[in-house]
Amino acid sequence: MGSLLAVSDLHITYAENREIVAELRPDSPDDWLIVAGDVADQLHDVRWALETLAGRFAKVIWTPGNHELWTVRADPVQSKGVERYNDLVAMCREIGVLTPEDPYVQWTGDGGPVLIAPLFIGYDYTFYAPGCTTKEESLAYARDTGIVCTDEVYLSPDPYESRDDWCRARVALTEARLSECDPAVPLVLVNHYPLVREPTRILRFPEFAQWCGTVLTADWHTRFNTAAMVYGHLHIPRITHHDGVRFQEVSLGYPREWRRHGNPHGILRRVLTAPAHV
Ligand SMILES: [Fe+2]
Ligand SMILES: [Fe+2]
């Protein structure tokens, strides 16, 4: 019987990370792999990584990170915003990788049955910087300290007016889908960002939290029957519990980061059967 595994923030733009992906293999041919965003900055790199993994794991489930949604000058694919997201979804369909646009799938292996729900919920600047009570104040705080996420340059919300408008639209449609799920089957909620603010409290620069989620999802893990919440983006791999629900940050991160901690718990994390704190 296979395991449900997860990883995020593969960032294969870095050659050392690309080598890691080239060597990533399941323990069992029945293993499934969740990839919770930030595969790469350019579409052809995202495709290479996901296609490589899809050829090895029984199923690969992807949700976008901010990096896939960037439009960088070097990328031959110059689509922006929603159009870019749609390009990514179309590419995943070609290579047999599931996305937030597909029906949620049931995992019946180790730790199951659970329904795996890949979500695409961005951020809306409501994880305010210290002492701030509006998006404008929070952004001004970040500009003052110089800790501004590069998304402000590369992540277009087109045709939405703003990244927060896009986020609110995704929250509404996702909330409706989750409400339709059978409450008797526990969910594994997968998103690039944590659905609650608490995991961002240990960020070195607290003003960066405004690019890390939204208060609109703060009660999802208790409102919906949630077995586990899998996320990345923070590049701080760890497990925390919120209202008794396990939240698992599964990032690989940049070489300078993983070299420091040396991936003591491996690169692929078990979602449902992991010990409590790794
Ligand atoms: Fe990342
Ligand atoms: Fe990210």
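Listing for the model above:
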{"item": "Diffusion constant of the range 17-78 at 37 °C, which comes from Stokes-Einstein with the Kirkwood Cα-pair radius and 0.692 mPa s, µm²/s", "result": "268"}
{"item": "Three semi-axes of the equivalent ellipsoid, the chain, Cα gyration tensor, whole Å, largest first", "result": "26, 22, 19"}
{"item": "Largest-first principal axis extents, alpha carbons of the range 185-278, Å", "result": "38, 33, 17"}
{"item": "MRE, 222 nm, helices only [DSSP H, n ≥ 4, -39500 (n - 2.57), over the chain, to nearest 500]", "result": "-8500 deg cm²/dmol"}
{"item": "Sparse-neighbourhood loop sites, trypsin sites (Lys or Arg not before Pro) in the range 181-278 - DSSP loop, at most 15 other Cβ within 10 angstrom", "result": "R204"}
{"item": "Compactness of the range 52-113 - radius of gyration and Dmax, Cα, Å", "result": "13.9, 44"}
{"item": "Share antiparallel - DSSP beta bridges, the chain, percent rounded to 5", "result": "35"}
{"item": "Relative contact order computed over the chain (Cα-Cα under 8 Å; 6+ residues apart), in percent", "result": "22"}
{"item": "Expected-Rg normalisation [2.2 N^0.38 Å, Cα atoms] applied to the range 98-152", "result": "1.82"}
{"item": "Kirkwood Rh, Cα atoms: Rg over Rh of the range 114-212", "result": "1.02"}
{"item": "Quarter of Cα convex hull surface for the range 62-173, i.e. mean projection, nm²", "result": "9.6"}
{"item": "Added length on full extension, which subtracts the Cα-Cα distance from 0.36 nm per residue, S162 to E83", "result": "27.0 nm"}
{"item": "For I34, distant residues with modelled amide H under 5 Å away", "result": "L5, A6, V7, I61"}
{"item": "Where the Cα pairs of the range 16-122 fall when distances are cut into 10 Å bins, in %", "result": "14, 47, 31, 7, 0"}
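A short reminder: the numbers here are calculations on the coordinates, not readings from a lab. It should be emphasised that the depicted structure is a prediction, and the values quoted were computed from it without experimental measurement. Glycine gets a Cβ as well: all are built from the backbone with ideal geometry, and neighbour counts include every protein chain shown.
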